[in-house]
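Encoded as structure tokens, the structure appears first; notes follow it.
The values are calculated or read from the model by the stated rules, or taken from the named source; none is laboratory data. The shown structure was predicted, so the numbers you read here are calculated from the model rather than taken from an experiment. Cβ coordinates were reconstructed from backbone atoms using ideal geometry, including for glycine residues, and neighbour counts include every protein chain displayed. Surface areas here come from the heavy atoms of the whole protein model, side chains and all, with no ligands, DNA or RNA. Shrake-Rupley method; radii C 1.70, N 1.55, O 1.52, S 1.80 Å.
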Amino acid sequence: MKWITLLTLLFAASPASSQELNLHEKSETSLEPAVELGLGARIGGYGFRHVNEEGNLDWDNCRMNGTGAFLTVEYKNFYSEAALDLYHAVAEPVKSGIDRISLHSTLAVGARFRKDKLISPLVTLGGGAEFSDVEVYGTQAFVIAPVAFVGAGGELNFSGLKLGMMIRSNAMQLPVYNSTRPDEIEWETEISGQALFTARYVFQ
């Protein structure tokens, strides 16, 4: 009977049993959720391109500043984003006779790289709708217009807290004053340059 007990103990401590234990641990690890949810806020502004008085290309036409909130869903290096941002014209366009308030509702997809490092580069593209109330030299108008953008930036990783900065190029609608029909506002598709600063928390 002693040799039976000895064989039982040796079998219990065999490499096969250890492998079974490791497989069990790996299976438990594989059940951990791979999808990460994040909630964030951001601040920034944009301006449309134009040729300034010196004949150089500038990006401060109809300058807008604002804040927003966004939700992210991440899987590995890829993510999707839903956002709401509210922008308003700054002092310079208002003093020149152009006032504007815009609500942007957008969806985006993108990729983040080196997520395990202190700095994670990222790229994004997306689009949505802009709800804009505009006054140009006393003439008012409301427009619902499409918005599209592409951008790149990065995030600083502090455990669940992410601090980021992004540069985006937008295709948007720019109000244009028509001197021949001053009671109407015309709209042109134009490119704007945008900078955004973000703070995001990832629920782990």
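Of note:
- Among residues of region 65-119 being among the hydroxyl-bearing types (S, T, Y) and touching a Gly at 6+ places or on another chain (Cβ under 6 Å), the one that is nearest to A34 (Cα to Cα) is Y79.
- Residue count for region 129-154 satisfying the condition of being of a type in the set (D, E) and open to solvent by 10 Å² or more (accessible area, probe 1.4 Å): 2.
- A residue that is open to solvent by less than 60 Å² (accessible area, probe 1.4 Å), farther than 22 Å from T67 by Cβ and of a type in the set (G, A, S) occurs somewhere in region 110-128.
- Unmet requirement for N65, which otherwise passes all of (1) in contact (Cβ under 8 Å) with a residue 40 or more places away in the chain; (2) touching a His at 6+ places or on another chain (Cβ under 7 Å); (3) surrounded by fewer than 19 Cβ atoms within 10 Å (Cβ to Cβ): (1)
- A count restricted to region 27-52 and to residues that are modelled with pLDDT of 80 or more and either among the aromatic types (F, W, Y) or not in a strand (DSSP E or B) (or both) stands at 4.
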